[in-house]
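Please read the structure below before turning to the comments.
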Amino acid sequence: MGSGSVPSRFAGVDFYQIDSLLTEEERAIRDTVRSWVDDNLMPVIGQCYVEGRFPKQLIPGLAELGVLGANLPEEYGCAGLGNVAYGLIMQELERGDSGIRSFASVQGALVMYPIYAFGSEEQKKKWLPRLARGEDIGCFGLTEPDFGSNPSGMITTARETGDGWVLNGTKMWITNGSQATMAVVWAKTGDVNDAKSIRGFVVPTDAKGFTGKDQKGKLSLRASDTAELHLEDVHLPKDAILPKSGGIKSPLSCLTQARYGISWGAIGAAMACYDEAARYSKNRVMFGKPIGGTQIQQVRLADMLTEITKAQLLSLQLGRMKEAGTMTPQQVSMAKRNNVNMACECAREARRLLGANGILAEYHSMRHMANLESVYTYEGTHDMHSLILGQEITGLAAY
Amino acid sequence: MKIAVCLKRVPDTTTKIVVAGDGKSIDETGVKFVPNPYDEYAIEAAIAFKEKAGAGETVVYSLGADVAQETMRTALAMGIDRGVLLQSPGSPDGFEVAKALATEIGTGGFDLVLFGKMAVDDYNHQVGIMVAELLELPCISAVSALTIDGSAVTAEREVEGGVEVVTCQLPVVITADKGINTPRLPSLKGIMAAKKKPLELKPVTLGPGGVTVTALALPPERQAGKIVGEGPDAVPALVQLLRNEAKVI
Ligand SMILES: Cc1cc2nc3c(=O)[nH]c(=O)nc-3n(C[C@H](O)[C@H](O)[C@H](O)COP(=O)(O)OP(=O)(O)OC[C@H]3O[C@@H](n4cnc5c(N)ncnc54)[C@H](O)[C@@H]3O)c2cc1C
C-alpha cells in the first residue's frame, strides 16, 4: 500500500551505534530479513489485516530463508544461529507485523523448541526438519477457557490406555490453530489438581476427535490465525508423549524462549511506528510549518527514540546472557514487560501524531497499536510479569 | 563452467550523502555500504549459470579497502564459492582499476566474466568494458536478458525504443543491466556458511591514472511542491503555472 510518505526500504533505528555491538553475521542476517519483509510482507500486510487473513503464501519464503526455528541446530535442518541473531529476526518480522512474528515465534519457540528439548531422538528427526521447511505448521495448546494466567490449573487430560493415550479438553486462543497440521498440546496425565502430571503431546490435527475453530471477531492481531481447539477422545499412539516433559515448568520453559523473542519483536514494532511518525512530522505542514517543528511532537518523538534505545540495549544484553547460558526467566520477564509496554506507548503516540491519517490501514501505527494489545496480554500478561519480578525482589508470591 | 564476477562496495543509495570537508569525496561516517546493485545482478547470474551447468566454480573479485570483505561476504552468502580482494584505496580512473582486475582475472581461465553495467557511486560505466578489452575478449554491455547454450551466448540489450539481440561464443565479458534476473536473498544458513568460504587478500598498487576528481557537490535541494487547487476548476491555474513559471508547456 503506497502512502507516499513511506519509503520502500526500512532503514532501522540506531541512535546509540548499537550496530557496533553486533557481529558482521548478525547485521547481515538482520538486513536480509529486513529486505525480505520490505519485499514480501509490506506490500500485502495492510490488506491482510483489514481482511483478517494470515498471509499464508509467505510461509515457503520464510522457510527457505531459514527463519523457522533459526536458533536450533543444523543437524535437525535448522539454521543454527545464535540468540542475538534470532532476536534480530524477530525484531524485523514484527517491524512488519506482530502476526507474522507470532507465527514464527509459535513455530520456532513453542513447537520446535519443546520437541527439541523434551522429544525423543525419533521425534526430533521426524518433526524438526519438516517444521523448519514449513511442510508442517505447528501450534501450541496451553491456555484453556478457564485457565489463562494460571495454566497449571488446566483441566485437559491425557489418560494412558493399553496401546497409547486418550486426550480430552479444550484449548483457547491458539495461534496457528486453524492452519496447523500438528499441535503440541499440554495435558494432565494424573489428577486435575496435580500440576506435576502436566506432559506435552504431539497431536496431528487430522486425528479423529480433534477440531480447530477459528476465533472470530478479533480487533487485534487480525493478520494472525487464532483458534480454539477441541479434543474429544483423541486417541494417540504411545510415542505421542514428549518423554522428557514433566510439570508446568516444561511449557513455561517454552514460553521463556518465546518471550525472549517477543522482547526483540516489540522493538521492531516500535521502530516502525517511530520511523513513520518521524517521517510524517517532517512532511505534514499545519499552521504554516511542519508539525515536527512543534514542541509537543518533538517530545513525543524524543520519548519514543529514548525508549526504543533503552529497549534495544536491554534485549541485546539479554541475548548475550542467553548465549552465555546465564539468562534467567525473571530477566526475560523484565524485557518482555518493558519492551512490549514501550512498544504499546510508541504505537499509540505515533498514531496520535499522525492525526486522522493515523487511523488508516494505509499507515502502520494503528495496526501495530492494536496488535500490541495482544502481545501485551499473551506470553504472560504485563501484570503477571510485574508479579514475577515482584516475587524475585521480595521472595513473596503475590499470585 | 568457470565464472568470475566483479563487485564494488558502494554507499547505500537510500542513505543521506554528505560531502566531506575536502569538497571532493563523501563523508563515510554513518553511511551504510552495500554491494553495487548492478553487481548483484551479475552475482545472481553467476550463481544461476553455475547451478544450471551443474559444475564449475564461481569467484568474486573486488578492488577496494579491507572493509569491502564484508560486502564480498554477501556474495559468498548468496552462493559464490570464493573471493579475492585486491586491496587498494581505488582510483577515480576506471582504467587503473580495470588493469588491476584484468591482471588478476586473466590468469583464471574463466568462461564468463560478469560485471554490473555501472557502479551507482560514480556512474562511470567503464570498468567491465575495459577489462574485456584488456583481456582481448568480446564484451556485451548492459545486458537485460542472457542465455547460454553450450558455448553459444545470446544476450538482449535494451536500446532506445527497442531490444537488440546479440550473440557470441564463450569466453565473453558481460555487464548486467536490470531485468536480467532477480537477485536472490542469501539464506540465513548461507550467511553463516559464508564465514567459512575462502576470501583471499592481495595488495595491489594502482598507477597514478589520467583523471582526478576536483569537486563533488550535492544536487540542489528539491523545492516543495505546490497544490493549486482540486478538480477541473484548478486546471486554468495549473496551465498558467506550467506555462509561465515552470516553462514546461
Ligand atoms: C492473540 C492471542 C494469541 C494467543 N496465542 C496463544 C497460543 O498460541 N497458545 C496458548 O496456549 N495461549 C495463547 N494465548 C493466550 C494467552 O497466553 C492468554 O490470553 C494469557 O495468558 C492471559 O490469559 P487470559 O486471557 O485468560 O487472562 P486472565 O488470566 O483471565 O487475566 C485477566 C486479567 O487479570 C489479570 N490477572 C490475572 N491473574 C492475576 C493476579 N494473580 N494478580 C493480578 N492480576 C491478575 C491479568 O493480568 C489480566 O489483566 C493467546 C492470546 C491471544 C490474545
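What the table below lists for this structure:
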| item | result |
| --- | --- |
| Pair list, Cβ under 8 Å, 6 or more apart: region A:216-235 residue more than 29 Å from A:ALA158 (Cβ to Cβ), other residue within 11 Å of the ligand (Cβ to nearest atom) and part of a strand (DSSP E or B) | A:LYS218/A:THR226 |
| Sole residue being exposed (fewer than 11 other Cβ atoms within 10 Å of the Cβ), part of a loop (DSSP other than H, G, I, E, B) and in contact (Cβ under 8 Å) with a residue 12 or more places away in the chain, chosen from B:LYS247, B:LYS226 | B:LYS226 |
| Some residue of region A:177-195 being within 9 Å of the ligand (Cβ to nearest atom) and either in the same structural domain as A:SER98 (by TED's automatic domain parsing) or open to solvent by less than 50 Å² (accessible area, probe 1.4 Å) (or both) | yes |
| Every residue from region A:257-271 that is open to solvent by 10 Å² or more (accessible area, probe 1.4 Å) and more than 11 Å from A:ALA335 (Cα to Cα) | A:GLN257 |
| Criterion (in contact (Cβ under 8 Å) with a residue 40 or more places away in the chain and within 14 Å of another protein chain (Cβ to nearest Cβ)) met by exactly one of B:LEU101, B:LEU76, B:LEU7, B:LEU85 | B:LEU76 |
| Filter result for B:THR214 (touching a residue at least 24 places away in the same chain (Cβ under 8 Å), more than 14 Å from chain A (Cβ to nearest Cβ) and either of a type in the set (Val, Ile, Thr) or closer than 30 Å to A:GLU64 by Cβ (or both)) | yes |
| Restricting region A:327-381 to residues that are among the acidic types (Asp, Glu) and over 14 Å from A:ALA270 (Cα atoms), the residue that is least open to solvent (accessible area, probe 1.4 Å) | A:GLU379 |
| Only listed residue being within 20 Å of the chain's Cα centre (by Cα), modelled with pLDDT of 95 or more, part of a helix (DSSP H, G or I) and more than 16 Å from the ligand (Cβ to nearest atom), chosen from A:LEU305, A:LEU314 | A:LEU314 |
| Residue, nearest to A:LEU62 (Cα to Cα), within region A:145-176, restricted to residues that are assigned to a strand (DSSP E or B) and near the ligand (Cβ under 8 Å from one of its atoms) | A:THR175 |
| Residues of region B:166-211 that turn out to be open to solvent by 70 Å² or more (accessible area, probe 1.4 Å), facing chain A (nearest Cβ under 10 Å) and part of a loop (DSSP other than H, G, I, E, B), as a count | 3 |
| Looking only at region B:1-25, and only at residues there that are part of a loop (DSSP other than H, G, I, E, B) and charged (D, E, K, R), the one that is surrounded by the most Cβ atoms within 10 Å (Cβ to Cβ) | B:LYS8 |
| Test: A:GLU74 is under 30 Å from A:GLY119 (Cβ atoms), over 18 Å from the mean Cα position of the chain (by Cα), buried (at least 20 other Cβ atoms within 10 Å of the Cβ) and within 12 Å of chain B (Cβ to nearest Cβ) | no |
| Residue match in region B:51-58 (condition: open to solvent by 10 Å² or more (accessible area, probe 1.4 Å), farther than 18 Å from B:LEU146 by Cβ, in a loop (DSSP other than H, G, I, E, B) and within 11 Å of chain A (Cβ to nearest Cβ)) | no |
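The values are calculated or read from the model by the stated rules, or taken from the named source; none is laboratory data. Here the structure is a predicted model, which means the values were calculated and not measured. No Cβ is skipped: glycine too gets one built from the backbone with ideal geometry, and neighbour counts run over all protein chains shown. When the accessible area is computed, the model is the full protein with side chains, heavy atoms only, and any ligands, DNA or RNA have been set aside. Shrake-Rupley method; radii C 1.70, N 1.55, O 1.52, S 1.80 Å.
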